[in-house]
Amino acid sequence: MEQREFIGLENQFGAHNYKPLDVVLSRGKGVWVWDVDGKKYLDCLAAYSAVNQGHCHPKIMQAMVAQAEKLTLTSRAFRNDQLGPFYKELCELTNSHRVLPMNSGAEAVETAIKTVRKWGYTVKGVAEDQAEIIVCDNNFHGRTISIVSFSTDESARAGFGPFTPGFKSIPFGDAAALESAITDNTVAFLVEPIQGEAGVMIPPAGYLKKAREICDRHNIVLILDEIQTGLGRTGKLLTEEYEGIESDLTIIGKALSGGYYPVSAVLSNTEVMSVLQPGEHGSTFGGNPLACAVARAALQILFEEEMIENSYQQGKYFLNELKKISHPHIREVRGRGLMVAIEFHPEVGGARAYCNKLMEHGILAKDTHENIVRFAPPLVIQRDEVDMILDAITKVLPREGE
């Protein structure tokens, strides 16, 4: 079948809730993917950071196949021999006390919301059904009803009400706004260390540290959503490390499986996680042996193959070289590690057009918020491949007079 035929099938039989680039991929290895016609592309999205370890990493595949031949699912009605080791290894790597495994990132966010509400009622003493969670404007934490209830993106909300109460939104990066928003009913502050979907928005230096201090002073739970930023994406295992803090709850997913299987988790200190009792929360597939085996392998190779250090080094080089590009269409370049964005001036046309042009040059990137292009390649990318991205960017920028 040709690409247009595959696209036609999607358009005819699928829900139209995505607007992907018109490329039909059939194979991937490392930073590279190939379409059904055999054309090769450098992947600069890494499935929204789910493929940090590179496409089809052989060691993760071996772990998946080996476990699939033994045991895939028991439900949590019974124990399995992969869950305990997964807990231990993840806690040791992240300095966490407890882990609650789920499947998708949105499920993990919902899990964190339920957990801190229960903590607020049983530990902090907030009146029943009065708990409030503070979030940030332009956040992205998923697409469930509760999560879009506190989105400020109208396209995520329009037509989906009524919405779940109990959330208050403040400007991102504004510590004073956080302090002012806290009331006796506040149980948590939920924030992305870097806002990915908003266009790689980086808060002022010291913001997370200040938020940690404010949460401690007011006895509220600090929740960091590191689903996109975590597991090496920004050049550290967790982005919180840049400011030397530890959250009370950390949400991870995506790269936790290296792209092989849906795996997410909520990392917690003992005090907060201990409020959950048997029967109060769970998931049939959460913590299944196949997921645990895959996640253990995916975590191991991040360190064995020094992918986090590579993310830091290649990301630093990429960002520095991008900043050397002087072009009137570019409004700003920003990033941390291999989470980078180019923001164009709104009046010069949408970022989608740049993504289509980059695709013609063998680079797959994704637009967000109309005038921003994000670059988040797998963490195994090498210097010459970064140079290929840079070369393609310079080629798609209009020349003077065009």
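Might you check whether a residue that is part of a loop (DSSP other than H, G, I, E, B) and either surrounded by fewer than 16 Cβ atoms within 10 Å (Cβ to Cβ) or modelled with pLDDT under 95 (or both) occurs anywhere in the stretch 285-301? Before you say what the answer is, go through the steps one by one.
Taking the stretch 285-301 and keeping what is part of a loop (DSSP other than H, G, I, E, B), we get 285-288.
Cutting the leftovers down to either surrounded by fewer than 16 Cβ atoms within 10 Å (Cβ to Cβ) or modelled with pLDDT under 95 (or both) gives us none.
So far as the stretch 285-301 goes, no, none of its residues is part of a loop (DSSP other than H, G, I, E, B) and either surrounded by fewer than 16 Cβ atoms within 10 Å (Cβ to Cβ) or modelled with pLDDT under 95 (or both).
Every residue, every condition in (1) in contact with a Phe, Trp or Tyr (Cβ under 6 Å, 6 or more places away or on another chain); (2) assigned to a loop (DSSP other than H, G, I, E, B); (3) modelled with pLDDT of 95 or more, yes or no:
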site: Lys210; (1), (2), (3): no, no, yes
site: Thr234; (1), (2), (3): no, yes, yes
site: Leu256; (1), (2), (3): no, no, yes
site: Val275; (1), (2), (3): yes, yes, yes
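Condition first: at pLDDT 95 or above and either of a type in the set (S, T, N, Q) or within 25 Å of Lys29 (Cα to Cα) (or both). Can you find one or more residues in the stretch 322-334 that meet it?
Within the stretch 322-334, none of the residues are at pLDDT 95 or above and either of a type in the set (S, T, N, Q) or within 25 Å of Lys29 (Cα to Cα) (or both).
Suppose the filter is modelled with pLDDT of 95 or more, farther than 30 Å from Phe303 by Cα and among the charged types (D, E, K, R); does Glu347 pass it?
Details: modelled with pLDDT of 95 or more: no; farther than 30 Å from Phe303 by Cα: yes; among the charged types (D, E, K, R): yes.
It is false that Glu347 is modelled with pLDDT of 95 or more, farther than 30 Å from Phe303 by Cα and among the charged types (D, E, K, R).
Select from the stretch 334-347 the residues that are touching a residue at least 24 places away in the same chain (Cβ under 8 Å) and over 16 Å from the mean Cα position of the chain (by Cα) and list them in ascending order.
Just the residues of the stretch 334-347 that are touching a residue at least 24 places away in the same chain (Cβ under 8 Å), to begin with: 334-346.
Answer for the stretch 334-347, where residues must be touching a residue at least 24 places away in the same chain (Cβ under 8 Å) and over 16 Å from the mean Cα position of the chain (by Cα): Arg334, Ile342, Glu343, Phe344, His345, Pro346.
Evaluate the following for Arg98: is it at pLDDT 95 or above, among the basic types (Lys, Arg), under 13 Å from Asp248 (Cα atoms) and assigned by TED's automatic domain parsing to the domain that holds Glu271?
yes
Are there any pairs, at least 6 apart or on different chains, whose C-beta atoms fall under 9 Å, with the first in the stretch 82-93 and in the same structural domain as Ala298 (by TED's automatic domain parsing) and the second part of a helix (DSSP H, G or I) and of a type in the set (S, T, N, Q), and if so, which?
Cβ pairs passing all conditions: Gln82/Gln67; Glu89/Gln300.
Tell me yes or no: at least one residue of the stretch 172-192 is at positive phi and of a type outside the set (D, E, K, R). Can you show your working first?
Quick first cut of the stretch 172-192, residues at positive phi only: 173.
Then keep just the ones that are of a type outside the set (D, E, K, R); that gives 173.
Among the residues of the stretch 172-192, at least one is at positive phi and of a type outside the set (D, E, K, R), which makes the answer yes.
Please give the number of the condition Phe13 fails out of (1) under 23 Å from the mean Cα position of the chain (by Cα); (2) surrounded by fewer than 20 Cβ atoms within 10 Å (Cβ to Cβ); (3) not small (Gly, Ala, Ser).
(1)
Just checking: which of the strands (runs of 3 or more DSSP E) contained wholly in the stretch 305-402 hold 3 or more residues that are in contact with a strand residue (DSSP E or B) (Cβ under 8 Å, 6 or more places away or on another chain) and within 24 Å of Lys236 (Cα to Cα)?
Working: elements: 330-336, 339-344, 366-368, 372-375.
By residue number, 330-336, 339-344, 372-375.
Can you tell me which residues in the stretch 237-254 are part of a loop (DSSP other than H, G, I, E, B) and either touching a Cys at 6+ places or on another chain (Cβ under 9 Å) or farther than 21 Å from Val294 by Cα (or both)? It would help to see each step written out before you state the result.
Step one: of the stretch 237-254, the residues part of a loop (DSSP other than H, G, I, E, B) are 237-238, 244-248, 253.
Selection gives Gly244, Ile245, Glu246, Ser247, Asp248.
Quick one: is Ala15 in a loop (DSSP other than H, G, I, E, B), of a type in the set (A, V, I, L, M, F, W, C), without any contact (Cβ under 8 Å) to a residue 24 or more places away in the chain and not assigned by TED's automatic domain parsing to the domain that holds Phe375?
Values: in a loop (DSSP other than H, G, I, E, B): yes; of a type in the set (A, V, I, L, M, F, W, C): yes; without any contact (Cβ under 8 Å) to a residue 24 or more places away in the chain: yes; not assigned by TED's automatic domain parsing to the domain that holds Phe375: no.
No, not satisfied.
Quick check on my filter: what residues within the stretch 310-328 are more than 17 Å from Asp384 (Cα to Cα) and out of contact with any Asp or Glu (no Cβ under 9 Å at 6 or more places or on another chain)?
First pass over the stretch 310-328, keeping only residues more than 17 Å from Asp384 (Cα to Cα): 323-328.
Correct list: Lys323, Lys324, Ile325, Ser326, His327.
The values are calculated or read from the model by the stated rules, or taken from the named source; none is laboratory data. On a predicted model such as this, the values are computed, not experimentally measured, just so you know. Neighbour counts are summed over all protein chains in view; Cβ atoms, including those assigned to glycine, are modelled from backbone coordinates with ideal geometry.
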